[in-house]
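Notes for the one structure printed next.
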Amino acid sequence: MPIAHVHVKRVGEAGRVDEKRRHPRTEVNEPGYVSSGGSVMHCTIVNISPEGAAIEVENPAFVPHRFRLVMARDASVVHECQVIWSKKTRIGVSFVKPA
């Protein structure tokens, strides 16, 4: 009997569930920019998937709820983002499809 959908969870240290995403993220540690309303802030893109990313910023208080994530190595790669979670200097975002 075929399985219609499989949900995979990775278990990390001490039995903690690390992965709840449909697409695992790839570790990249690349420079990028948070762009919104004419202002630009440097960030480090820690990991990325087709659906979202985790970034590191110096001061998360200055990151708006929605912004553009621009890849420093190729400024033609731009993702519309929405903040999903924030912990210290790391921010998790999902990519929002343009309307």
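The values are calculated or read from the model by the stated rules, or taken from the named source; none is laboratory data. Keep in mind that this is a model prediction, so the values were computed, not measured. When we count neighbours, we look across all protein chains shown, and the Cβ atoms used for this are built from the backbone with ideal geometry, even at glycine. Protein only, heavy atoms only, side chains kept; ligands, DNA and RNA dropped before computing areas. Shrake-Rupley method; radii C 1.70, N 1.55, O 1.52, S 1.80 Å.
Of all residues in segment 68-81, how many are outside any strand (DSSP E or B), surrounded by 13 or more Cβ atoms within 10 Å (Cβ to Cβ) and not hydrophobic (A, V, I, L, M, F, W, C)?
0
Can you tell which of A14, A4 is at pLDDT below 85 and not in a helix (DSSP H, G or I)?
After ruling out the rest, the residue left standing is A4.
Just checking, how many residues over segment 82-99 are part of a loop (DSSP other than H, G, I, E, B) and open to solvent by 70 Å² or more (accessible area, probe 1.4 Å)?
Within segment 82-99, residues that are part of a loop (DSSP other than H, G, I, E, B) and open to solvent by 70 Å² or more (accessible area, probe 1.4 Å) number 4.
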